[in-house]
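First comes the structure, then the notes that go with it.
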Amino acid sequence: MTTDLRTFINGLPKAELHLHLEGSLEPELMFALAARNAVELPYASVEDLKAAYSFNNLQEFLDLYYAGASVLITEQDFYDLTIAYLEKVAAEAVTHVEVFFDPQTHTERGIPFKIVVNGIVRALEEGKSRLGITSFLILSFLRHLSEEAAFATLEEARPFKKHFAGIGLDSSEVGNPPSKFERVFAKARAEGYPVVAHAGEEGPAEYIYEALDLLKVCRIDHGNRCLEDDALVDRLVKEQMPLTLCPLSNLELCVIDDMKNHPAKQMLERGLLITLNSDDPAYFGGYMTDNFMATAEALDLSRAEIVQLAKNSFLSSWLSIEEKKAMLRKVDAYVAETP
Ligand code: ADE
Ligand code: ZN
C-alpha cells in the first residue's frame, strides 16, 4: 500500500526559508491578543476578520497585515506568536526554519526593539530545545520606508547582532526597487550579514538583477518574474541562486491566476534551485504541507520532484555543509522507509 500524498509530504523532512513571523498571526490569536492588550480591532469576530482576507494584490494584503500586527505589544505576545508557528510546523516535519521579522512594523508604533527580539528569540530557543527545530532569524527592512529608516534600524540592531543570521527586504515592491537600499545593504554586508531580498514577486525582472548586482543577495525571495528574461534564468541556473517560492501566497495575491499556472514545475525543469514556502500562512490558507500539496496536485509533480524540493530547502539554507549532508541523508532515509 502506498502512503497517500498528503501523509508522504507531511512526514518528509523539510526546511522553511521564507516565512514572515507577523504573517503567521492566526485570526484566533489576533483576537486573543487584542483582548489581552485592550486593542480595538475593526472586526466584530474571527469570522468577520477571515471574511476580509480576500486580496487583489500585495498592497491590499499588506494593509491588513500591518493592521493585524498592531495587537503585538508585549514580549509575551512575540513569544506566543513565534511558538505557535513553530508548533504548527513541528507537526509537518519541518526541522529547520529561517524566518523574517519586520522590526519597523513595531518600533514605528513605539514598541521597543528589545521587546520584539527577546520574545521571538525566547520562542526560537524553545523551538530548538523542545521541538527540535533549528532556526535563523532574518531582520527585514520595510522597503516602503526610507533608506534613512533602514540605516537607523541597522544601528538599533547592533546590540542584538548575535541573534540575527541575516538581513532581508520586504513590503511594497513596485516603486521601491532594491537600488533604494544599495548603501544600507553594503553596510550590512560589511558588518558580516548575509543578505536576501524579495524581488520579482510583483516587480519586474530588473529588480532581480538589482538584488543580485547591487544588494549582492545570496537568495531571492519569490523571483517569479525571472521567467520573463531568458538571460536572467540562465544566470540564476548557472549560479544556482536559490529562489524561495510561495505558491499559496502567489495565488492569494493574484501573482498567478490559477495554481495550475504556478511556475514551480517549469522552473524545476529549467534547472532553477527553487524551494516552496508559506510566506504568511495565517493569511494565505496554509503552512508548508498545504503549499507542497497544492503545488504537487496542481502541477502533477512526481514523488521524485517533491523529494527534490525538500532537498532544495536544505541545500538553499544557511546550514553548514555537514548539517546539509545530514539532512539530505534524513530525506533519503525517509523516502527509503516510506512505501
Ligand atoms: N511582507 C509579508 N509578506 C510579504 C510578501 N509576500 N511580499 C512582500 N512583503 C511581505
Ligand atoms: Zn515574503
Cα-Cα over 26 Å: which of Lys238/Lys265; Lys216/Lys324; Lys162/Lys238; Lys216/Lys260; Lys162/Lys216? Lys162/Lys238; Lys216/Lys260
Using a Gaussian network model on the chain with a 10 Å cutoff between Cα atoms, which of Leu58, Leu215, Leu41 fluctuates the most? Leu41
Relative contact order for the chain: what percent, with Cα pairs under 8 Å and sequence separation of 6 or more? 21 percent
Could you order the peptides 154-160, 121-127, 258-264 from most to least packed, using the average number of other C-beta atoms within 10 Å per residue? 121-127, 258-264, 154-160
Computed helical MRE - 222 nm, the chain, DSSP H runs ≥ 4 contributing -39500 (n - 2.57), nearest 500: -15000 deg cm²/dmol
If you project the alpha carbons of the range 5-337 onto the principal axes, what extent comes out on each, in Å, largest first? 50, 42, 40
Rounded to 0.05, the calculated FRET efficiency for the beta carbons of Gln76 and Glu108 at R₀ = 30 Å is 0.90
Quick check: at a probe of 1.4 Å, how many percent of the accessible area of the chain sits on carbon and sulfur atoms? 53 percent
Prolate/oblate/rounded call for the range 83-167, Cα gyration tensor, a/c under 1.5 rounded: prolate
Calculate the spin-label point distance for Glu182 paired with Ala149, positioning each point 7 Å from the Cα along the beta-carbon direction, and give it in nanometres. 2.2 nm
Say the cut-off is 29 Å between C-alpha atoms; which of Lys180/Lys311; Lys88/Lys187; Lys50/Lys88 go over it? Lys180/Lys311; Lys88/Lys187
Highest to lowest packing among 43-54, 64-75, 93-104, scored as the average C-beta count within 10 Å: 93-104, 64-75, 43-54
Give the calculated FRET efficiency between Ala44 and Glu125 to the nearest 0.05, with a Förster radius of 35 Å applied to their Cβ-Cβ distance. 0.40
Accessible area per residue for the chain in Å², computed with a 1.4 Å probe and the full protein assembly in place, what is it? 39 Å²
With +1 on each Lys and Arg Cβ and -1 on each Asp and Glu Cβ, how big is the dipole of the chain about its Cα centre, in debye rounded to the nearest 20? 1300 debye
Pairwise centroid distance, computed over Cα atoms, of the range 118-149 with the range 254-306, Å: 24 Å
Restricting to the chain, compute how many DSSP beta bridges are antiparallel as a %, nearest 5. 0 percent
To the nearest 0.05, how large is the calculated FRET efficiency for Ala231 and Asp300 if R₀ is 35 Å and r is the Cβ-Cβ distance? 0.75
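The values are calculated or read from the model by the stated rules, or taken from the named source; none is laboratory data. Since the model is a prediction, treat every value here as computed from it, not as a measurement. Every residue, glycine as well, gets a Cβ built from its backbone with ideal geometry; the counts of neighbours run over all protein chains shown. Only protein heavy atoms, including side chains, enter the accessible area calculation; ligands, DNA and RNA are left aside. Shrake-Rupley method; radii C 1.70, N 1.55, O 1.52, S 1.80 Å.
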